[in-house]
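J.: One structure is given below, represented as C-alpha cells, and several questions about it will come after.
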Amino acid sequence: MARKSRKKGYKSLPCFSYQGDPNYFEFADTGYKTPCWLWRGTIHRSYGQVCIKGIRYSVHKWMYEEYYEEVPLGLVLDHLCKIKHCGNPHHLEVVTVAVNIARGG
Ligand SMILES: [Zn+2]
C-alpha cells in the first residue's frame, strides 16, 4: 500500500496528447526486421513511460494499442527485439505471462 501513495517517480512524465509525432522516438537498427523505436522520455524499470491526458501508460503498450487493438486482460506484450523501451508495435507480440517468463521476460 505504501507504494501506491508514492508517486514521486511519475511527476517528471511528459504529458501530451499523442499526435503520431515520430520525434518522441529515436530509431536504432538492432538487427531486427525494422528499426527499434527507442523512447526518449521517462523510463521506469526499463520500460518507457508516457502520460496521456493524465493517465500513465507503458509506451510499448500504448503504441501497440494505437496500432492494433487493446491487449486482452490477463495477457502481456513481449518484446521480440528484447529492448524494453522500444515502442515499435511490430516488435511486440501478445502472449501469456507464462510464455513471457519462459522467454526471459
Ligand atoms: Zn524493437
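The values are calculated or read from the model by the stated rules, or taken from the named source; none is laboratory data. Predicted model, so just to flag it, every value in this text is computed and none were measured. Positions of Cβ are generated from backbone atoms using ideal geometry, with glycine treated the same way; all protein chains shown enter the neighbour counts.
J.: Restricting to region 73-87, what's the tally of residues that are assigned to a loop (DSSP other than H, G, I, E, B) and away from the ligand (no atom under 15 Å from the Cβ)?
T.: 2
J.: Provide a single number: the residues in region 37-72 that are in a strand (DSSP E or B) and either at positive phi or among the β-branched types (Val, Ile, Thr) (or both).
T.: Matching residues across region 37-72 total 4.
J.: Of the conditions (1) surrounded by fewer than 16 Cβ atoms within 10 Å (Cβ to Cβ); (2) modelled with pLDDT of 95 or more, Asp21 satisfies every one except a single condition; which number is it?
T.: Here Asp21 meets the rest and fails (2).
J.: How many residues are near the ligand (Cβ under 8 Å from one of its atoms) and either in a loop (DSSP other than H, G, I, E, B) or of a type in the set (Lys, Arg) (or both) when one looks only at region 88-105?
T.: 1
J.: On to the next question. Scan region 60-79 residue by residue and report those that are hydrophobic (A, V, I, L, M, F, W, C) and within 13 Å of the chain's Cα centre (by Cα).
T.: Of everything in region 60-79, those that are hydrophobic (A, V, I, L, M, F, W, C) and within 13 Å of the chain's Cα centre (by Cα) turn out to be Trp62, Met63, Val71, Val76, Leu77.
J.: Let me ask another. Test each condition in (1) surrounded by fewer than 19 Cβ atoms within 10 Å (Cβ to Cβ); (2) out of contact with any Leu (no Cβ under 7 Å at 6 or more places or on another chain); (3) not hydrophobic (A, V, I, L, M, F, W, C) for Asn88 and report the one that comes out false.
T.: (1)
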